[in-house]
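What follows is calculated from the coordinates using simple rules that are stated; it is not laboratory data. Remember, predicted model here, so these are calculated numbers, not experimental data. Note that we place each Cβ from the backbone using ideal geometry, even for glycine, and neighbour counts take in every protein chain shown.
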Amino acid sequence: MATIPLLKEAGLGLNTIRSLTTGADRATRHAILRPAAEELRSTIAAARASLELIKGGLNRGFEDVTRCPNHRRLVTERVGTMQ
């Protein structure tokens, strides 16, 4: 019974949990878990980038964040990816 809450905490849905806990073989488990792991890696990378941005804002000596060269670089990079 403890498996279900653990897998839910890992971000897996009930259908996925059901598939994993009904005797799935190793290949099936890997096929199910690989995309979940990749999605989690992407989420972690985005969270790390957000944390760096926030930490940068806390450490800047600029009264106006838009004058910070690092902030301007990040904005330029973001605008470039949107085009």
(message) Could you give the length gained by full extension between Glu38 and Arg18, i.e. 0.36 nm per residue of separation minus their alpha carbon distance, to one decimal place?
(response) 5.2 nm
(request) Please work out the Kirkwood hydrodynamic radius for the chain, using every pair of different C-alpha atoms, and report it in angstroms with one decimal place. (result) 16.1
(request) Enumerate the helices in the chain for which the Kyte-Doolittle hydropathy averages -0.5 or more and the C-alpha atoms extend at least 24 Å along the helix's axis, using complete DSSP H runs. (result) 26-59
(message) What does the charge count around Val65 come to, taking other residues whose C-beta lies under 15 Å from its C-beta (Lys +1, Arg +1, Asp -1, Glu -1)?
(response) +3
(message) If each residue of separation counts as 0.36 nm, what is the full-extension length gain between Arg78 and Ser50 once their alpha-carbon separation is subtracted?
(response) 8.8 nm
